[in-house]
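The values are calculated or read from the model by the stated rules, or taken from the named source; none is laboratory data. The model shown is predicted, which means the values in this text are computed figures rather than measured ones. Neighbour counts are summed over all protein chains in view; Cβ atoms, including those assigned to glycine, are modelled from backbone coordinates with ideal geometry. The area values use the complete protein model at the heavy-atom level, side chains included, leaving out ligands, DNA and RNA. Shrake-Rupley method; radii C 1.70, N 1.55, O 1.52, S 1.80 Å.
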Amino acid sequence: MEPEAKQEILENKDVVVQHVHFDGLGRTKDDIIICEIGEVFKARNLIEVMRKSHEAREKLLRLGIFRQVDVLIDTCQGEDALPNGLDVTFEVTELRRLTGSYNTMVGNNEGSMVLGLKLPNLLGRAEKVTFQFSYGTKETSYGLSFFKPQPGNFERNFSVNLHKVTGQFPWSSLRETDRGVSAELSFPIWRTCHTVKWEGVWRELGCLSRTASFAVRKESGHSLKSSLSHAMVIDSRNSSILPRCGTLLKVNQELAGYTGGDVSFIKEDFELQLNKQLMLDSVISASLWGGMLVPIGDKPSSIADRFYLGGPTSVRGFSMHSIGPQSEGDYLGGEAYWAGGLHLYSPLPFRPGQGGFGELFRTHFFLNAGNLCNLNYGEGPKAHLQKLAECIRWSYGAGIVLRLGNIARLELNYCIPMGVQRGDRICDGVQFGAGIRFL
């Protein structure tokens with residue numbers, strides 16, 4: 001039978017995938033590959049074979065062990081070939097045993113240079129060891145990590161990390177150096193992603209300047225934190241940087257002191273975001289953040305564990321982390337907070353650069369509000385809510401947003417802060433923000 005005639009027959013009839021071949025495998029083990037391509041054998045027609053082969057290719061690339069994966073589908077040849085049999089061949093190129101990288105990274109209103117070394121596919125089952133050095137405007141860090149996924153279920157993985165991080169926090173006149181180790185397990189349950197983590201950190205706090213307040217000087221010194229934490233994420237957004245639709249829910253819990261150390265507390269926080277596309281390519285977005293920290297025992301909470309609020313990535317119109325309790329101009333953070341935002345994003349007027357560079361820009365109208373304070377936990381929930389409802393800071397304004405691919409976004413807003421309290425530091429007028437996580 002001629003190949004053209006056989007192909008025409010296969011397009012209209014059921015088929016059987018008889019063989020799957022791999023060309024280019026070196027140190028990769030067979031068992032992890034079999035887990036990723038098993039669905040290809042279940043295809044029952046040519047369209048399904050093409051779709052499932054493409055899905056298998058995406059899974060193989062997601063493992064992070066191949067530089068390139070190509071798929072070839074052909075009719076089965078040989079003595080055991082069936083009339084409707086197919087062979088699928090994956091042509092792969094493995095990554096080198098040692099790879100390096102250099103890039104820049106944008107955090108919440110800070111930038112950094114990142115150098116990395118990676119040992120991919122170390123033992124042949126998608127394990128990797130990564131060393132990373134980061135030098136930024138406010139933070140310098142070193143990190144060594146080992147990552148191991150479960151064969152056939154990449155979302156279920158285990159990692160161990162060693163790190164040293166030195167950060168400067170000018171709003172608190174504080175310098176912090178963390179040296180720690182952590183182990184975490186990530187796994188999906190239905191539509192949610194969960195991460196369970198243990199972390200042990202030796203923390204060294206010091207003053208950033210000679211003019212630091214006594215309240216900050218009193219916090220200086222060494223502490224050892226050992227904590228268990230759990231994070232749950234539900235994310236149906238079409239983009240994490242500037243979404244047009246979908247919902248995000250993050251819930252975090254942390255318990256410190258149960259597994260040792262001299263720091264004890266319970267900490268809860270959440271993040272909720274709703275996005276809805278409107279007419280004329282506009283998007284309305286609503287977000288709500290909140291959290292509470294409860295010290296365990298007689299020892300008060302540490303300045304390194306409290307929440308902070310204010311700045312171009314949270315309550316706009318206020319300086320970075322400059323809302324709430326402070327002493328002599330140094331902001332000390334709070335044990336409870338909430339923040340909410342309502343945003344309207346729309347295309348630029350007259351749509352310049354439509355379909356091209358202009359699509360990266362959006363006009364931005366916003367209304368933000370929030371509060372940060374310390375609570376007396378002997379007063380009860382009603383008194384807590386009353387205190388969080390007092391002295392609400394809020395702001396409104398408009399500006400322009402620039403999306404930097406799927407990496408970060410930049411905002412240039414004209415802000416009008418309202419509800420300003422004594423000790424708050426405001427940014428009345430033009431404010432620039434860069435980062436990943438925005439209220």
**Prompt:** In the set (i) 1.02; (ii) 1.10; (iii) 1.20, which value of Cα Rg over 2.2 N^0.38 Å was calculated from the structure you see?
**Reply:** (iii)
**Complete:** Taking placed amide H atoms and a strict 5 Å upper bound, the residues 5 or more places from Q326 or on another chain that come that close are L332
**Asked** On average over all directions, what projected area in square nanometres does the range 16-94 have, based on the convex hull of its Cα atoms?
**Response** 5.0
**Prompt:** Farthest toward the dipole's positive end in the chain, which of Y337, L249, M279, given Cβ charges of +1 (Lys, Arg) and -1 (Asp, Glu) about the Cα centre?
**Reply:** Y337
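When the helix-only estimate is applied to the chain (DSSP H runs of n ≥ 4, each -39,500 (n - 2.57), divided by the residue count), what is the mean residue ellipticity at 222 nm, nearest 500 deg cm²/dmol? Spell out each step's value before the answer.
Values: 5 runs with 50 residues, N = 439.
My calculation for the chain gives -3500 deg cm²/dmol from helical runs alone.
For K59, K267, what's the largest-to-smallest order of accessible area, 1.4 Å probe? Kindly include the intermediate steps, with their values, before the conclusion.
Numbers: K59 70, K267 35 Å².
Of K59, K267, the descending order of accessible area is K59, K267.
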**Request:** Please give the contour-minus-distance gain from H230 to F187: 0.36 nm per residue of separation, less the Cα-Cα distance, rounded to one decimal in nm.
**Result:** 14.3 nm
**Asked** Label points 7 Å out from Cα along the Cβ direction at Q77 and E139: separation in nm?
**Response** 5.6
**Prompt:** Taking the Cα-to-Cβ direction at Y258 and at F361 and moving 7 Å from each Cα, how far apart do the two end points lie in nm?
**Reply:** 5.1
**Item:** Rounded FRET efficiency, nearest 0.05, which uses the C-beta distance separating D428 from S282 and R0 of 25 Å
**Value:** 0.35
**Complete:** Once phi for every residue in the range 199-213 is put through the Karplus expression 6.51 cos²θ - 1.76 cosθ + 1.60 (θ = phi - 60°), the whole-Hz ³J(HN,Hα) values, with Gly and Pro written as x, are 9, x, 10, 9, 10, 10, 9, x, 7, 7, 8, 6, 8, 4, 5
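About the Cα centre of the range 261-309, how large is the charge dipole given +1 on each Lys and Arg Cβ and -1 on each Asp and Glu Cβ? Please answer in debye to the nearest 20. Before the final figure, lay out each step's value.
Details: 4 positive and 7 negative charges, 20 e Å.
Once rounded to the nearest 20, the dipole reads 100 debye.
What longest region of the chain stays clear of chymotrypsin sites (Phe, Trp or Tyr not before Pro) that DSSP places outside H, G, I, E and B and that have at most 16 other Cβ atoms within 10 Å?
Details: sites that count: W190, F350, Y377.
Excluding the exposed sites themselves, the longest stretch runs over 1-189.
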**Request:** Amide H neighbours of R237 under 5 Å, at least 5 residues apart or on other chains, H built in the peptide plane: list them.
**Result:** T247
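Using unit Cβ charges (K, R positive; D, E negative) and no other charged atoms, how large, in debye to the nearest 20, is the dipole of the chain about its Cα centre? The partial results should precede the final answer.
Values: 48 positive and 48 negative charges, 284 e Å.
Its charge dipole is roughly 1360 debye.
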**Request:** For the range 80-88, take each phi angle, set θ = phi - 60°, evaluate the Karplus expression 6.51 cos²θ - 1.76 cosθ + 1.60, and give the result in whole Hz per residue in order, putting x for glycine and proline.
**Result:** 8, 5, 8, x, 10, x, 10, 10, 10
**Complete:** Stretched fully, the stretch from N238 through R403 gains (0.36 nm per residue minus C-alpha distance, one decimal, in nm) 58.0 nm
**Request:** Collect residues whose amide H, placed 1.01 Å from N in the peptide plane, falls under 5 Å from the amide H of R156; neighbours closer than 5 in sequence don't count.
**Result:** Q150
